[in-house]
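What follows is a short report on a single structure.
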Amino acid sequence: MQNSWKFIFFCLLAMPILIFAQEKKQKPSKKDYVFQISTRLGDMFLVLYDETPAHKANFLKLTEEKFFDSTAFHRVIKNFMIQGGDPNSKPGGDNSKVGMGGTSYTVPAEFVSKYKHVKGALAAARQPDQVNPKRESSGSQFYIVHDPSRCKHLDGQYTVFGQVIQGLDVVDKIAEVPVNRRGDMPLEAVYMTVSAEKMSKKKIAKIYGYEYPE
């Protein structure tokens with residue numbers, strides 16, 4: 001009986017510590033990553049959402065591994081979106097396989113209702129529902145919205161996990177490049193390099209005018 005009371009007393013003492021540890025763990029970070037996508041037509045700067053952690057972690061991992069470097073925006077549809085992230089699109093790659101490449105894995109869908117296909121939204125490409133009923137994302141292929149009015153039907157269907165916070169004019173420029181007869185592959189490749197810089201959210205707000213939600 002005495003041991004039982006000791007155990008209860010210990011639990012009561014431990015509870016505030018556990019609650020404090022949990023709150024500390026959940027406390028939002030004061031820093032974030034800004035991703036830079038550089039092309040011959042200019043640079044785009046993006047932030048990725050904490051509410052889509054698997055996509056954010058995967059994009060950061062691939063960026064740090066330089067997976068995206070020398071890949072191209074291989075699918076460009078004016079007034080719709082620009083798409084990239086296929087390793088087959090690198091110089092010397094097999095053009096017949098461009099659009100089919102990626103990683104050996106997919107990323108589970110992370111639909112967040114407040115994140116829509118607005119201009120400059122970063123979203124993950126994926127296989128169609130017939131072969132991908134869970135709507136899991138490609139491990140590497142992504143697209144950036146050019147005209148949101150033509151992308152509304154994609155809300156809740158494809159994971160939106162980031163936003164261009166500077167360089168929307170570059171999205172416009174890429175969307176305007178001449179494409180082949182098929183209608184979506186640029187005649188002159190638009191290659192990219194992707195990097196990430198960690199900085200304080202206050203600095204991000206000051207430099208890019210991006211305000212983080214409270």
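Using a cutoff of 8 angstrom between alpha carbon atoms and counting only pairs six or more residues apart, the relative contact order for the stretch 124-214 works out to 19 percent.
Please tell me which of these pairs span more than 26 angstrom C-alpha to C-alpha: K90/K116; K27/K203; K31/K66; K56/K206; K66/K206? Those over the limit are K90/K116; K66/K206.
The residues of the chain have, on average, 59 Å² of accessible surface per residue, using a 1.4 Å probe with all protein chains present. Candidates M199, Q166, G84 compared by Cα position along the dipole of the chain: farthest toward the positive end lies M199, with charges placed on Cβ. Ligands, DNA and RNA excluded, the heavy atoms of M185 present near 40 Å² of accessible surface to a 1.4 Å solvent probe. Only helices enter this figure: runs of n ≥ 4 DSSP H residues, each worth -39500 (n - 2.57), summed and divided by the residues of the chain, yield -8000 deg cm²/dmol at 222 nm to the nearest 500.
Assuming charge only on the beta carbon of Lys and Arg (+1) and of Asp and Glu (-1), the dipole of the chain about its Cα centre is about 440 debye to the nearest 20.
Helix screen, the chain: DSSP H segments with Cα axial length of 20 Å or more and mean Kyte-Doolittle hydropathy at least 0.0 are 2-26. Normalised by 2.2 N^0.38 Å, where N is the number of residues, the C-alpha radius of gyration of the stretch 51-102 stands at 1.25. Hand me the GluC sites (Glu not before Pro) from the stretch 55-159 located in a DSSP loop with no more than 11 other Cβ atoms within 10 Å, in residue order please. The qualifying sites are E65. Just checking the listed ones, Q130, Q36, Q141: in the Gaussian network model of the chain with Cα springs under 10 Å, the one fluctuating most is Q130.
The GNM of the chain, with springs linking C-alpha atoms under 10 angstrom apart, assigns the highest mean-square fluctuation among T71, T103, T159 to T103.
Just checking the listed ones, V131, V194, V171: in the Gaussian network model of the chain with Cα springs under 10 Å, the one fluctuating most is V131. Normalising the average separation of contacting C-alpha pairs (under 8 angstrom, six or more residues apart) by the number of residues puts the relative contact order of the stretch 54-159 at 29 percent. Of the solvent-accessible surface of the chain, computed with a 1.4 Å probe over protein heavy atoms with every protein chain present, carbon and sulfur atoms account for 56 percent. Normalising by the residue count of the chain, find the relative contact order in percent from Cα pairs under 8 Å and 6+ residues apart. Relative CO of the chain lands at 30 percent.
The values are calculated or read from the model by the stated rules, or taken from the named source; none is laboratory data. Because the structure is a prediction, the values reported are computed rather than measured. Ideal geometry is used to build each Cβ from the backbone, glycine not excepted, and the neighbour counts take in all protein chains shown. Surface areas here come from the heavy atoms of the whole protein model, side chains and all, with no ligands, DNA or RNA. Shrake-Rupley method; radii C 1.70, N 1.55, O 1.52, S 1.80 Å.
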